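To keep things clear, I will list the structure first and then write my remarks on it.
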Amino acid sequence: MKKLLLLLFIISLPDITIAQDKNLIGTWKIINVEGSTAEFIFDSEDYITMISGGIEFGGKEFDLEGIKASLKYETDQTTTPFKLIYRLIDLSGNLDSAAMGGVYRYINNDKILIRLNPNLGQSYDEFSETNDSDTFVLKRQ
């Protein structure tokens, strides 16, 4: 019986330690260093949609050059700074999913400093000491 309880605890451990950050849910506006704007929409089903220049990318289902795909996100608040990973998933199952990611920290309840690596298969583990185009502030809408 003790072994069964230990096994159940170990199986549930990843869900405990890497719980989604529910404070992210909602629409966030970005103003980057070049002055252009975009929106990130984090939904309660762990999908992320990015909208920039009238172009929508991500969400539960979207078209990516003829491929039906979705874009999901995961957070890890056990690290400092927090980690954000987003996964591009081919819904047809023909291609492997690809992950990208970065780090974020709350400035306050309505602002987040975030640094995202835009390259497939790559992530950031920390903020840069100098300003870069991959770091920006998200403001809750």
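Rule-based calculations on the coordinates, nothing more; no lab input. Worth saying up front: this structure is predicted, and the values here are computed from it rather than measured.
Worth a mention:
- All C-alpha to C-alpha distances of the stretch 62-138, sorted into 10 Å bins beginning at zero, yield P(r) values of 19, 44, 26, 11, 0 percent in whole numbers.
- Of LYS29/LYS68; LYS60/LYS111; LYS83/LYS139; LYS22/LYS68; LYS68/LYS111, those spanning more than 21 Å from alpha-carbon to alpha-carbon: LYS29/LYS68; LYS60/LYS111; LYS22/LYS68; LYS68/LYS111
- Cα gyration tensor shape for the stretch 23-67, rounded if a/c is under 1.5, else prolate or oblate: oblate
- Rounded to the nearest whole Hz, the Karplus-based 3J(HN,Hα) values (6.51 cos²θ - 1.76 cosθ + 1.60, θ = phi - 60°) of the stretch 23-30 follow the sequence 5, 6, 4, x, 9, 10, 9, 10, with x at glycine and proline.
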